[in-house]
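A quick write-up on the structure given underneath.
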């Protein structure tokens, strides 16, 4: 009995699928062998963490004793919870500090002139080439993997867009939209308060943010306190603990007791008014 053309095509497709699976598994084994033979232990730890990390969906949420199971209702609950984290904009101006004079227009214009070289094509190309080759989510299907490989072609058009956007203080509308993903911090996964919002913003907006952030760190480098360990390169919670532990040890050798007081501001990063933040930054210029 002869087989039909459709069944023969299915057989060929099945063989190709099995061959691809064998090739894929072999590539994974070779990659893991390269990683495990790498002397850098952090690479191995990341591999183990990626294998142990669970990718489960959001479970049913407990809201005032009521279980929320549908995805639509979960979204509404997270929307209300995350919206409470942000403070409303303040309309009246904040009082200026007499000890910190507002910079003059001449100094401000001098700074603005320096920003004309901020978005040169070669600067953008170098920034794009340093992007991690990730296939992250994007609203318009662009990602760092594609952008990095088109760095030379995108450098000039992005230079024009970034320069006009920065000069006019206006960004493209799509850049103001993000997909918010709830991420469990710790504790009971059914409690909404144990989640924090992660905003997946436009990749081109993140490229512009990288360039602006780098310039801000250069401008503010001499004004940032040496005791600040957050949001700075080569500084973090471990570096803060190392510094403070050394200080505690030194003090305990000279005194009999030591009291340490810690403050934790709930949702502090989300609740800072933007107008106050911008005005306070002016005193560092």
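Only the coordinates and a few stated rules stand behind these numbers; no lab work does. Keep in mind that this is a model prediction, so the values were computed, not measured. When we count neighbours, we look across all protein chains shown, and the Cβ atoms used for this are built from the backbone with ideal geometry, even at glycine.
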Q) What spacing in nm lies between the two simple spin-label points modelled at residue 122 and residue 282, each 7 Å away from Cα in the Cβ direction? A) 3.6 nm
Q) So how far, in whole Å, is the C-alpha centre of region 222-280 from the one of region 194-212? A) 24 Å
Q. Using the beta-carbon distance between residue 225 and residue 42 and R0 = 22 Å, what value does 1/(1 + (r/R0)^6) give for FRET efficiency, to the nearest 0.05?
A. 0.15
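What is the gain in length, in nm to one decimal, between residue 86 and residue 7 on full extension, counting 0.36 nm per residue of separation less the C-alpha to C-alpha distance?
In short, 22.5 nm is gained.
Any chance you could run the full-extension gain for residue 160 through residue 186? It's 0.36 nm times the residue separation minus the Cα-Cα distance, nm to one decimal. It would help to have the intermediate numbers written out before the result.
Working: separation 26, 0.36 × 26 = 9.36 nm, distance 4.34 nm.
Length gained, residue 160 through residue 186: 5.0 nm.
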(Q) I need the Kirkwood Rh of region 61-282: take the reciprocal of the average 1/r across all distinct C-alpha pairs and report it in angstrom. (A) 21.7 Å
Q) Extension gain residue 232-residue 71, at 0.36 nm per residue separation less the Cα-Cα distance, in nm? A) 54.2 nm
